[in-house]
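J.: Encoded as structure tokens, here's the structure I'll be asking about.
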Amino acid sequence: MTVKIGIMGYGNLGKGLEYAIMQNSDLELAAVFTRRDPKTVSIITQNVKVYHADDVFDFQDKIDVLILCTSSAYDLPKQTARYASAFNVVDSFDTHAKIPEHFKAVDIAAKNADKTAVIAAGWDPGMFSLNRLYAQAILPDGDSCTFWGKGISQGHSDAIRHIANVKDARQYTIPKEEALKQVRSGSFENLGIRQKHLRECFVVIDETKLCDDEKSVDILKNEIEHKIKSMPDYFDKYDTKVHFISEEDLIKKHSGMPHGGFVFHCGTTGKNRENRHIIEYSLKLDSNPEFTASILAAYARAAYRLNKDGVSGAKTVFDIAPAYIINKTGEELRSTIL
Ligand code: NDP
């Protein structure tokens, strides 16, 4: 069995998917779609073509699963339901608060078309969500807590870039060591926003705004630092460090897309709840998009298999049995990794 995959949108995630498909012998890249001029988008896989997104509906009999690699903020709220009316789809929609309404819209479209749509399949939401669920199901008398990082937050980096006289910026979200230590010891008390994460920012000033006079450079840096640290919700509730660096250093030292984090759960059992159990799941990712794409590839396999089983509608990682996402038979799984 080979699952023919279409990639919709060719950014970091789209590129990551090409690598993921290469590592899965049962998946085959059939086509890539973009809203840009296809001639301007070059992909890695040979013998596969890039088409305009408007042409995707001509591929209904050539694609088993369309993986949506476009933006959660701007594209997926409209696109997933639209494409689920013609294809089995997978997306990595990550706006947690809007998942219920996204699920509803996609569910209606997919059910009407007898298609399977896996939504919010990344690492958070996604793998982290699964680990929270397993932990809470097993130890209902307990507390869960999630840390993110160390990693680049695209949203916070963009927010800094919007400040006047800033040319470029990267923001790392970093779990605080003291907080990790406390949670690992089984205490979840007094862990507010400020106690859990640190925000570290690397900022390049627009050089055309720099005067030779050192005093005015310092004033400008102070102004920018104040604007960052006082930005409502993004930074004002956190301890934030700001470093001013050259554009060259930003490119050299901060061009990667690392990320990761931790899901903890601490629960008790026993007559007097005297026995404590701590579950820790952690991710340390060199490339957030390549890892996320690898998850989407595994869930594309599940979408295909579920649809073959006659299952339609929207699904999340909670609804899909683990055996559906791996390229092994039940027999192989029972004799190797059970
Ligand atoms: P990108 O910004 O790299 O790409 C998003 C879209 O923008 C692409 O699909 C592409 O669409 C367009 N695009 C990309 N590069 C260019 C360019 N040079 N010029 C013009 N347009 C371009 O985003 P990512 O791939 O990094 O992330 C996509 C989404 O994945 C994010 O919005 C995020 O929400 C989600 N995500 C979810 C995670 C999870 O754990 N659930 C984890 C990580 C990400 P087109 O080809 O049509 O132009």
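The values are calculated or read from the model by the stated rules, or taken from the named source; none is laboratory data. Being a predicted model, the structure only gives us computed values, none of them experimental. In this analysis, Cβ positions are derived from the backbone assuming ideal geometry, glycine residues included, and neighbour counts consider all displayed protein chains. Accessible surface areas use protein heavy atoms only, side chains included; no ligands, DNA or RNA. Shrake-Rupley method; radii C 1.70, N 1.55, O 1.52, S 1.80 Å.
J.: Would you kindly state how much longer the chain becomes between ASP309 and SER42 on full extension, computed as 0.36 nm times their sequence separation minus their alpha carbon distance, in nm to one decimal?
T.: Once the chain is fully extended between ASP309 and SER42, it gains 92.5 nm.
J.: Defining a contact as two alpha carbons under 8 Å apart and six or more residues distant in sequence, what relative contact order in percent does the range 1-128 show?
T.: Computed over the range 1-128, the figure is 22 percent.
J.: Peptides 85-92, 314-321: what's the order by average Cβ count within 10 Å, highest mean first?
T.: Highest-to-lowest ranking by the protection proxy: 85-92, 314-321.
J.: Using DSSP loop states and a limit of at most 13 other Cβ atoms within 10 Å to flag GluC sites (Glu not before Pro), what is the longest stretch of the chain containing no flagged site?
T.: In short, 1-188.
J.: Run through all the Cα pairs of the range 127-287 and give the fraction in each 5 Å bin from 0, expressed as whole percent.
T.: 2, 8, 16, 17, 15, 12, 10, 7, 5, 4, 2, 1, 1, 0, 0
J.: At a Cα cut-off below 17 Å, give the lysines reachable from LYS49, other chains included and same-chain residues fewer than 8 away excluded.
T.: Hits, sequence-local ones excluded: LYS4, LYS15, LYS39, LYS62.
J.: Would you work out the relative contact order for the range 8-63, in percent, from Cα pairs under 8 angstrom that are 6 or more residues apart?
T.: Across the range 8-63, relative contact order equals 34 percent.
J.: Which of the peptides 44-54, 228-238 is most tightly packed, and how do the rest follow, going by the mean number of other Cβ atoms within 10 Å of each residue?
T.: 228-238, 44-54
J.: Shifting gears a bit: How much accessible surface area, in Å² rounded to 10, belongs to the heavy atoms of ARG273 with a 1.4 Å probe?
T.: Surface open to solvent at ARG273 totals about 140 Å².
J.: Could you give me the ³J(HN,Hα) list for the range 36-48, computed from phi with Karplus coefficients 6.51, -1.76, 1.60 and θ = phi - 60°, whole Hz, x at Gly and Pro?
T.: Ordered by residue, 3J(HN,Hα) equals 7, 5, x, 5, 8, 10, 10, 10, 7, 5, 7, 6, 10 Hz.
J.: I need the Debye-formula profile for the chain: one equal scatterer per C-alpha, no solvent, reported as log10 I(q)/I(0) at q = 0.10, 0.12, 0.15 1/Å, two decimals.
T.: Treating every Cα as an identical point scatterer, log10 I(q)/I(0) equals -0.71, -0.97, -1.28.
J.: Tell me, what HN-Hα J-couplings in whole Hz come from the Karplus equation 6.51 cos²θ - 1.76 cosθ + 1.60 at θ = phi - 60° for each residue of the range 134-148, using x for Gly and Pro?
T.: Rounded to whole hertz, the list is 4, 5, 6, 5, 7, 10, x, 8, x, 10, 10, 7, 10, 10, 10.
J.: Using all Cα-Cα distances in the range 42-90, what percent lands in each 5 angstrom bin from 0 up to the longest?
T.: Histogramming the range 42-90 at 5 Å steps yields 5, 18, 27, 27, 17, 6, 1 percent.
J.: Give the cross-link partners of LYS181 among the lysines, using a straight C-alpha distance below 17 Å as the criterion and excluding same-chain residues fewer than 8 apart.
T.: Partners within reach: LYS150, LYS196.
J.: Right, something else. What percent does the relative contact order of the range 127-287 come to when contacts are Cα pairs within less than 8 Å and at least six residues apart?
T.: 31 percent.
J.: I've got another one for you. Taking a ≥ b ≥ c as the square roots of the Cα gyration tensor eigenvalues, with a/c under 1.5 meaning rounded and otherwise prolate when a/b beats b/c, else oblate, which class fits the range 252-338?
T.: Values: a/c = 2.07, a/b = 1.10, b/c = 1.88.
In terms of gyration-tensor shape, oblate.
J.: Rounded, prolate or oblate: which fits the range 287-338, taking a ≥ b ≥ c as square roots of the Cα gyration tensor eigenvalues, rounded meaning a/c under 1.5, else prolate when a/b beats b/c?
T.: Judged from the Cα gyration tensor, the range 287-338 comes out oblate (a/c at least 1.5, b/c at or above a/b).
J.: For the chain, set up a Gaussian network in which alpha carbons nearer than 10 Å are linked by springs, and say which option among SER216, SER72, SER157 fluctuates the most.
T.: Of the options given, SER216 has the highest mean-square fluctuation.
J.: Based only on Cα atoms, what mean projected area does the convex hull of the range 171-234 have, in nm²?
T.: One quarter of the hull surface, i.e. the mean projection, equals 5.6 nm².
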